[in-house]
Amino acid sequence: MVMNLALIFALACGGAEETPAAPAQAAPATAFSGTIEIDGSSTVFPVSEAVAEEFHKIHSDVRVNVGVSGTGGGFKRFTAGEIDISDASRLIKDSEAEVAEKNGIEYYPLRVAMDGMSVMVSPDNDFVECLTTDQLKMIWEPGSAVSLWSDVNPSWPSKDIALYGPDTDSGTFDYFTEEIMGEAQLSRPDYTASADDNVLVQGIAGGKYSLGYFGFSYYQENMDKLKLVAVDSGNGCVLPTSESIENGTYAPLSRPLFIYVNKQSMERPEVIEFVEFYLEHAAELAQEVGYIKLGDAEYAANRDMIKQ
């Protein structure tokens, strides 16, 4: 009996020595929480919204609010310190930068994608295939004498042109007027203006003699309802495509898209995490929503900027 007990004891001890150690538990992922406020360009909105949705899948305790008040409206809130990130389809103006400086707002300007501002008519329009930049200026300039399509080209119908475009707070409006008119904000006022690109889609698509412009992404979303018009800046008619926008041959209406990030907001870990996530995934998500990605080197340079 003693021997049996001794044997049992020995076996028990041996078994204990041979039992493998429990595997080390993986450290839990860093938990982030809080609210991030973004506002601004309707053109950049699809990119920021897509990034916010993907970010939320990983960090569900972080709420990312993405508004659409236009580039100008976004900069008004951004330079007042009301939001963390401003979506912008143009560079910040000197007057806006001065307000930011006065309010102690420092920022990182980060390019995230490229866009080609698109000129469009209804698919029912069977006479316009291309417009020169001079014709676009003649149509849209302040005090324009153009009211009929035949005023642009005598061979075209003597029908009223119904014009649609972004409102004056839009970075798209600023960029178009600067490139076509030579000065931002110069435009005839008698057109249907809206900050909602969907309103512009419906207006342009709804009339055979309509004409309007907005970002390439919204055209791609509605290509079954709209007809692209090529633009001739002196080197022949060129349609906006991923290739022509990226290589600059779609001139002068190819443009960069930005996010402006408040440096003080970057003191919050959830904002740092979100901005790094944005830059890591901007190329893929920009293409998914219809824009053109930048080169890898530019995204890397942006990441280096914020890390410093």
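Under the rule a/c < 1.5 gives rounded, and otherwise a/b versus b/c splits prolate from oblate, where does the range 153-206 land using the Cα gyration tensor? Numbers along the way, then the final one.
On the way: a/c = 2.51, a/b = 1.25, b/c = 2.00.
Taking the square roots of the gyration eigenvalues as a ≥ b ≥ c, the range 153-206 is oblate.
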Under 14 Å from the Cβ of Ser150, count the other residues' Cβ atoms, weight Lys and Arg +1, Asp and Glu -1, and hand me the total. -1
Measure nothing fancy, just the Cα-based angle from helix 2-18's long axis to the longest principal axis of the chain, in degrees from 0 to 90, nearest 10. 20
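How big is the shadow of the Cα convex hull of the chain, averaged over all directions, in nm²? Before the final figure, lay out the partial values.
Numbers: hull surface 93.9 nm².
With the hull built on Cα positions only, its mean projection is 23.5 nm².
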Nearest 10 degrees, 0 to 90: helix 45-58 Cα axis against the chain principal axis: 10
Count the net charge of all other residues whose Cβ sits under 14 Å from the Cβ of Gly34, scoring Lys and Arg as +1 and Asp and Glu as -1. -4
To the nearest 0.05, what FRET efficiency results for Asp151 and Ala80 with a Förster distance of 41 Å applied to their C-beta separation? 0.40
Could you let me know the centre-to-centre spacing of the range 247-308 and the range 101-133, using Cα atoms, in angstrom? 17
Rounded to the nearest 10 degrees, the helix 70-79 long axis (Cα) sits at an angle to the longest Cα principal axis of the chain of 50
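Out of every Cα pair in the range 171-308, what percent are spaced more than 19 Å from each other? Please list the in-between numbers first.
Values: 5863 of 9453 pairs.
In whole percent, the share of Cα-Cα pairs in the range 171-308 beyond 19 Å is 62.
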Could you list, in their original order, any pairs among Lys93/Lys208; Lys159/Lys227; Lys76/Lys225; Lys76/Lys227 whose Cα atoms are separated by more than 26 Å? Lys93/Lys208; Lys76/Lys225; Lys76/Lys227
I'd like to know which of Ser150, Val119, Val47 lies farthest towards the positive end of the charge dipole of the chain, counting +1 on Cβ of Lys and Arg and -1 on Cβ of Asp and Glu. Ser150
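From the Cα gyration tensor of the range 76-196, with a ≥ b ≥ c the square roots of its eigenvalues, which class applies: rounded if a/c is under 1.5, or else prolate if a/b is larger than b/c, or else oblate? Write out the running numbers ahead of the final one.
Details: a/c = 2.91, a/b = 2.44, b/c = 1.19.
Prolate.
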Whenever you get a sec, line up Ser265, Ser69 from highest to lowest accessible area (probe 1.4 Å, protein heavy atoms). Ser69, Ser265
Mean separation of Cα contacts under 8 Å (6+ apart) over length of the chain, as relative contact order %: 25
Determine the per residue accessible area of the chain with all protein chains present and a 1.4 angstrom probe, expressed in square angstrom. 49
Size of charge dipole - the range 60-134 - debye, nearest 20, with Cβ of Lys, Arg +1 and Asp, Glu -1, no other charges: 340
14 Å beta-carbon shell around Tyr250, net charge (K/R +1, D/E -1): -4
Would you calculate, for the chain, the mean residue ellipticity at 222 nm contributed by helices, counting each DSSP H stretch of 4 or more residues as -39,500 (n - 2.57) and dividing by all residues, to the nearest 500? -12000 deg cm²/dmol
Identify the GluC sites (Glu not before Pro) of the range 68-113 meeting these criteria: DSSP loop state and at most 16 other C-beta atoms within 10 Å of the C-beta. Glu82, Glu106
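Whats the longest run of the chain with zero trypsin sites (Lys or Arg not before Pro) that are DSSP loop and have at most 16 other Cβ atoms within 10 Å? Don't skip to the answer; put the middle values down first.
Details: sites that count: Lys93, Lys159, Lys208, Lys225, Lys263.
Longest site-free region, per DSSP loop and neighbour criteria: 1-92.
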Long-range amide H contacts for Ala162: which residues qualify at under 5 Å (H placed 1.01 Å from N, peptide plane, sequence gap of 5 or more or a different chain)? Ser210, Leu211
Cα-based shape type of the range 113-253, given that a ≥ b ≥ c are square roots of the gyration tensor eigenvalues and the cut on a/c is 1.5: rounded
What accessible surface, in Å², does a 1.4 Å probe find on Ile272, ignoring ligands, DNA and RNA and rounding to the nearest 10? 60
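The values are calculated or read from the model by the stated rules, or taken from the named source; none is laboratory data. Please read these numbers as outputs of a predicted model, since none were measured by experiment. FYI the Cβ positions are ideal-geometry reconstructions off the backbone, even for glycines, and counts take in every protein chain you see. For accessibility, only protein heavy atoms count, side chains too; no ligands or nucleic acids. Shrake-Rupley method; radii C 1.70, N 1.55, O 1.52, S 1.80 Å.
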